[in-house]
Every structure is written in structure tokens, then in C-alpha cells.
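Since the structure comes first, as C-alpha cells, the remarks are kept for the end.
The values are calculated or read from the model by the stated rules, or taken from the named source; none is laboratory data. Values in this document were obtained by computation on a predicted structure and should not be read as measured data. Virtual Cβ from ideal backbone geometry, glycine too; neighbours counted across all protein chains shown.
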Amino acid sequence: MSATSRISYTVRRNLAIAVPTLVLIGGAANADDAPPPLRRTTQVQDPDTLGVGRQAPEFVAESLRKRTVNSSMSMKGRKGLVIVMTSTGCPLSRKYGSRIATLEKTYRDRLPFVYVNTVQSESLDDMRRQIREFGFAGAYLPDRDRLISQALHARTTTEVFVLDAARTIVYRGAVDDQYSIGAALNAPRRNFLRDAMDAVIDGKRPRIAATFPPGCLLDADDRAREPVRDLTYYGRISRILAEHCVSCHRTGGSAPFSLSTYPSLTGRVSMIDAVVSAELMPPWHGSKPPAGENSLFANDRALSKADRDDLLAWLRSSRPLGRRKDAPIAPTIPNTWNIGRPDEVYSTLWLELPVEGPMQHARMIVPTNLKKDRWVSSFEFRYDMHDAIHHALIWILPPGAVVPPIEKIPTALELFGTYSPSDNVVQLESDSGRRLPAGSILLVDMYARPMGQEIRTRLRIGVRFCDHSPKREIRTLVLSAESLDIPSNFEKAANRVEAVLTGDARIAALTPYLRARGKAVSIDLAFPGGETNRLLDAPSYDYRWQIRYVLKEPLDVSEGTRFIVTGQYDNSTGNPNNPDADEIPGAGIEPDDEALMLVLDVIDDVNDG
């Protein structure tokens, strides 16, 4: 690498005009280079294959604050430089924002920080808000033409680079090992960035010089991509996204960024490709029905093979727009409450979260102040102020009932609903309602994770009432294991709980619930005559998504039928969500406890008498 290798560009009218004069680390990048593979967890890697030990190119760029930033000048009188890839929309970038800002405050007199955002769809205003939210002090560079990121061969939106005073890359990779894609430890076990900075300050080389940084994959150069068949954004792809993605990925939605327009995809193509290929998105735990059969569930989000193949083929092509007149009619999705304007909004108290630490559990009481029984037609759960809430269980405590012990799952109560980022809305059929008794209380078991800064958050519950008395009532039955057998440091622990119906029932929906160690769940029906039927098979359970499986047609089940729920648990160190593999978790309400629970939505005729 030449000592005079440089990257330079200026920003005019908020557009980056690239004038590259650079030599890339490890050789020039080919336009047809495959994007890096999606790795969900941090992994130690061979530094020699990743350019560690080579000189990074110098860059001169204009920052978001319109100041000229020269990497060599930034290091003058310092021990080196830290380059932080970042994003305003990537969930892991957000989780690491406060932690990186804290490290910057500690080290910036010796190691200045430079932030690089290469996601073209993120606006300059988004970046300014990110700076204010986390308190970044270093220069923030909108790398619109990806010159810096491609010169460094940056892989994800969370990757950091530590350079010494001679611009030698001494470390690249993850900040630490706490956060993964879809998983989180209670605290980091290894602090890679901090250790690398300490080593550079001491004139040494870090013991671990390269890791893979889980985060949103950065897009590779796509100049050589070709169109594919007759697939266009307006003709086919926008319809796939509208049907399967936009309900969450939209302005005001529960997902961290929008996918509702063509520009919103820019800079996110590699990550969309990766999560769709791995079937992580759209979130759906249920296995695919056999060939030629339709799903049992009305809310099945899983992409069909045809949709997945077409979406991936288009993402890997030049991504033609097509004709705007072929665009579908945009779905009508409100930017506020999905259920429309609520008749009532109930809120929990504020939950104060520490800077760091394990997931927190809080049980909160929310009075409804209802003077008479009311019928609920739809309801929606939303966090307020911060997205730290992982999930929540909301129970109905009728008047006169005793608040259950804090250490117990209150299975004697009816479950009003569950909250998770993509499952927060329940719309009942027009002839059905869920009864909220006069004087009832909503009992909220809320689980939230510290986000690297002192924050507070709360859950809001929007409710719409029926404008007439419904014909059918939706009630819940809760089946839960009172004890579990999950040995320490054991990868495959199976547990089962079952119950017999004492009368005929009509089932409208079902919600399984496991926690951090849960990896799979199945629900079987054993009929009185000896026949069995698998109602749900979820081989890749992920407790981030508390999915309510809504049956297309209600299921009539006779008295004497057994519901059998089988959960598979991974209590090994290989489970990135595992709070502590050395513990033997029991069944309980705390985050480090485990659970095996099934909630059945049962349809009853309303008794007007």
C-alpha cells in the first residue's frame, strides 16, 4: 500500500462528488465481488486475510458539519485513529451508539474518532439526530459514494477500525461480543475495541486483531450487475414488499427503517438479500406447509418460494425500476395507530433503565377505570420514547382478584395480549369482542434491555371498543409448565406440558411462549380416539417475536382432546441469547428464568342473559 494513497471528496448540495485516487487494501475490488456472508454472531478471524497490518488509505473529506477532515491531520499528536462505521437505522448500530460515544469520551484525547455512514437512503437530518441522540463528538462523514467504506473493505454498519499513528490497521471488527443479529448477552464477555485502543496507546499490538462485526451488511459495488428476466420494482417487487414487509418497515412502523419506496432500499440491498436468504425475514416461526397445501394461518408472513426467488433475483440484478404506471395501489396504512384512533389509551408507568446490565423485568398495574363492562374489537401495543422494550405480556386482572406473586407467571388470569416489535396489533372479527370487565386492571409483565445510556420507556395500550354487543366472545386459556428440566451446559433439552379439554371448544388463535433458551416449539392435538395432529411446528423459534397464530378457520375441538406442547431448549454457550449456561433455569417470570406456555384464543357465544 502506497503511503500516498488517498481518498478525497467534497459535498455539494448534500451530494457526495467522488474523486478517488486510491489503492484498495488487499487489491482492487471487483464489481462482481459477492457480498460478505451473513454471520449472526461475533467471530474471531484471521487478521492476515483482512488487511490488518497494512496501511489504510488516507482520506480527505467534508464532514456533516462542513469541516474538512484529513485522516493524517486528525492523528497529529495522537496515538492513532478510530474509524466507526455506523447507520441511523441498523438496530445493532443503535444498540452500540451510546457505548461507542462513552468510549470516545474516554479515549478521544489520545485516539480521535471518525464516524462513517455509507447507507445512501439515510438522510443528513437522520445523521444529525443520531449525533444529538448519542453525543458523538468526532467528525461524521456521509460516505455517499462509499469510497471510504470500499477502500477499507468495510463489511457491516457496526465495524470499527483502529489505526496507529502510521495509519497501520491494527484491529478491525466488532466493538465487543454482547450484541448479535437476533440475540444479546447480558453483558460483553470480550471488549475488542477497548482492548485494541489500550494496546495502540501502549505501543503494542492487540491480542485479537480481527473479528466479524454482526450488523447490517454494507452494499458491494454493483456496477456490473445485469437486469434479470422481466422483474422490475414497480411491476413485481414493490408488490412483494408491500404484502410481506411494509406493514412494519414504513414510516411510523415498528421496524427501524422503511422499505416502502425504491430509494429506501438504497444501501440496504445486501442485508435484505441476506435475511431473506436465511429466512430470518419476514419473521415467522411456523414451518412451511407441504407442497400443494395452504397454510392453516391467516397471518402467515412467510414468503412463498416464487416470491423469495423473484425478490432475490431482482436484488442481485441491476434492480430495474420499470414503469411507474405499473406500480400497485399503495396500501392505506396510518402513520399513527394501526387500529385507527383508539377509544382509550392506557399507559404503564415509566421504566427507568440503567446504562448497562441484563434484561430487566417489571410488573406494572394499569387501571382501566371502566364503569361498566366493555367489549374490545381491536387493540394495539406501542412503546413510548424508546425502543428498549423487548416484549411484554398483558393480563386481565378482574375486580376482586388478588395480584399474583411477582415470581409467578399469572396463568390463572386471561391473557389480553402480547407485545413484540412485529406482533403488536390484534383485530378481531367484526362479530367478536374481548370483554374488559368494569373495574378491571391490566397487569403488564414488561421485559426491556438497557441500551448503553440512561433511558426510560413505557408501554402504551390503544383500545377500540365495539359499537354494538358482539355475538361471540374471545377468551383465552393458558397452559403453562410449572417446572422444567433444562440441565446446565446442555444444548438439546426437551420439555413437554399437556392439558385435556374438559368441554368442547372452538379455537381461533394460538400463541406459544418460550424465552431466551427456547429454540423450537411444536403443538400437537391428541384426540380421544387416539389420532394425533400437529397444529404448529416452529423449528426456529425466536423469542423476539411473540407471534399470535391466527387460524384461517376456527378449529372445533371435542371434549377429552389433549393439547401437547413440546419445547426445545439450548442452554449451552453456543446459544448467543443464553443468560448463563452454568445455571439450571426453572419456570418463572424473570428474564433468566424459562417458560413453556401456550395461550389459546377460544370462541364462545355471548350469553346476553
By residue number, the members of region 261-309 that are in contact (Cβ under 8 Å) with a residue 24 or more places away in the chain, surrounded by fewer than 16 Cβ atoms within 10 Å (Cβ to Cβ), touching a Ser or Thr at 6+ places or on another chain (Cβ under 7 Å) and closer than 18 Å to Y549 by Cα are none
Given (1) of a type outside the set (G, A, S); (2) outside any loop (DSSP other than H, G, I, E, B); (3) assigned by TED's automatic domain parsing to the domain that holds R144, where does I240 come up short, assuming only one miss?
(3)
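With respect to E414, is the statement that it is under 21 Å from the mean Cα position of the chain (by Cα) and outside the structural domain of L596 (by TED's automatic domain parsing) true? Explain how you work it out, then say what you get.
Details: under 21 Å from the mean Cα position of the chain (by Cα): no; outside the structural domain of L596 (by TED's automatic domain parsing): yes.
It is false that E414 is under 21 Å from the mean Cα position of the chain (by Cα) and outside the structural domain of L596 (by TED's automatic domain parsing).
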Selection from region 159-185 of residues that are assigned to a loop (DSSP other than H, G, I, E, B) and within 13 Å of V82 (Cβ to Cβ)
E159, A165, R167, V175
Of everything in region 140-149, what is under 13 Å from G267 (Cα atoms) and assigned to a helix (DSSP H, G or I)? Give them in sequence order.
S149
Give me the residue from region 449-485 that is over 28 Å from D601 (Cβ atoms) and among the hydrophobic types (A, V, I, L, M, F, W, C) and, out of that set, farthest from the chain's Cα centre (by Cα).
I455
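Looking at region 105-117, which of the residues that are in contact with a strand residue (DSSP E or B) (Cβ under 7 Å, 6 or more places away or on another chain) and assigned to a loop (DSSP other than H, G, I, E, B) is nearest to G80 (Cα to Cα)? Working first, answer last.
Of all residues in region 105-117, those in contact with a strand residue (DSSP E or B) (Cβ under 7 Å, 6 or more places away or on another chain) come to 111-117.
Next, from what is left, pick out any that are assigned to a loop (DSSP other than H, G, I, E, B): 111-112.
On the way: L111: 5, P112: 7 Å.
Per the stated criteria, the residue is L111.
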For region 136-152, how many residues are surrounded by fewer than 22 Cβ atoms within 10 Å (Cβ to Cβ) and at pLDDT below 95?
3
Conditions (1) loosely packed, with under 13 Cβ neighbours inside 10 Å; (2) more than 30 Å from H468 (Cα to Cα); (3) at pLDDT 90 or above; (4) of a type in the set (A, V, I, L, M) -> I365 fails only (2)
Pick from region 153-195 the residues that are buried (at least 19 other Cβ atoms within 10 Å of the Cβ) and of a type in the set (K, R): which of them is farthest from the chain's Cα centre (by Cα)?
R167
Pairs where the first residue, in region 510-527, is not assigned by TED's automatic domain parsing to the domain that holds Y447 and the second is acidic (D, E) and part of a strand (DSSP E or B), C-beta under 6 Å, 6+ apart
R515/E594; R517/D570; R517/E594; K519/D570; S522/D537
